[in-house]
Amino acid sequence: MSRIEKAFEKANQMREGKERREDEAPVTPPSSEAGGEPAAHAAIKPESPYLVTLTEPASYVSEEYRKLKSMVVKLTKKDRMCNALMVTSAIGGEGKSITALNLAVTLAQEYDHSVLLVDADLRRPAVHTYLGLEPSRGLADCLANGTDVGSALVRTDVDRLVLLPAGKSVSDPVELLLSSRMKELVGELKHRYADRYVIFDTPPVLPFAEVHSLASHLDGVIFVVKEGLTPLEGVKEALEMLKGTTVLGAVYNAASISRLNGYYDYHYTYTHRAAGEAK
């Protein structure tokens, strides 16, 4: 069993034993050593209002995320499971990180195996803040310093959800994300754990050239568009830059929909397009 697989299994064991330890006195969480289990953090219940799949599981928005999850599973489980996916957008501020996180949560809630969420937006990492975590290492450390991936994984307070955070601040993320080490790391996670979903939250497409290269190593792209933010031409340009990759669909974010003579602010709706190359 590899170090990363041991880390996943240990995270599950720790989560499964949580209720049995509730009456015990709290203990200081152990530090993660190289090649060991995901770093243990004090359990912090995520309370961000953006994590609707946790804070408002019965809401319409949470139901839309579950529909997104179902569509993703349908599109990725055909002849072989396409398990490595990225979530991106044309520009920043469209809600890609929130979409990636809520999608990962819904997969973890209803899937048989651990889901790995990778924060690959090394310029503006955000996933760990929504989960109430302060990890000391992450993806950037693995790429720049050769830190073992298993030691950088972080167990979260969400059952079966494991996080590979962005890690230390770096001056030139392009060099790291385009490196051969990044390609090797993606290949390791994608092929060794073919029965688990690995969701990458990546930088937006238009400002950063490395996104297409990263997408070419993954099985599919989920493209987030926020209503009223990116002009149609910007969306077209971003999809053109993703040409040659598999765009599974688009999440139309913060859409206002008129119904029954009233207006409802649906934050996340999913627009499906058939899997295939971006045109």
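Derivation of every value follows stated rules applied to the coordinates shown; laboratory data play no part. Here the structure is a predicted model, which means the values were calculated and not measured. Cβ placement follows ideal geometry from the backbone for every residue including glycine, while neighbour counts extend to all protein chains displayed.
Taking other residues whose beta carbon is less than 15 angstrom from the beta carbon of Lys183, and scoring Lys, Arg as +1 and Asp, Glu as -1, yields -2.
Karplus-derived 3J(HN,Hα) values for the range 199-205, using 6.51 cos²θ - 1.76 cosθ + 1.60 with θ = phi - 60°, are 9, 9, 8, 10, x, x, 6 Hz; glycine and proline are entered as x. Separation of the alpha carbons by more than 32 angstrom is noted, of Lys96/Lys183; Lys74/Lys168; Lys78/Lys236; Lys77/Lys168, for Lys74/Lys168; Lys77/Lys168. What the Cβ-Cβ distance of Glu175 and Lys236 gives, at R0 = 35 Å and to the nearest 0.05, is a FRET efficiency of 0.75.
Along the range 150-156 the Karplus relation, 6.51 cos²θ - 1.76 cosθ + 1.60 evaluated at θ = phi - 60°, assigns HN-Hα couplings of x, 7, 9, 5, 10, 6, 10 Hz to successive residues, with x for each Gly and Pro. Here the Karplus curve 6.51 cos²θ - 1.76 cosθ + 1.60, taken at θ = phi - 60°, turns the phi angles of the range 167-180 into couplings of x, 5, 6, 10, 7, 9, x, 4, 4, 6, 6, 9, 6, 5 Hz, with x standing for Gly and Pro. Taken along the Cα-to-beta-carbon direction at a fixed 7 Å, the label points for Asp195 and Ser59 span 3.5 nm.
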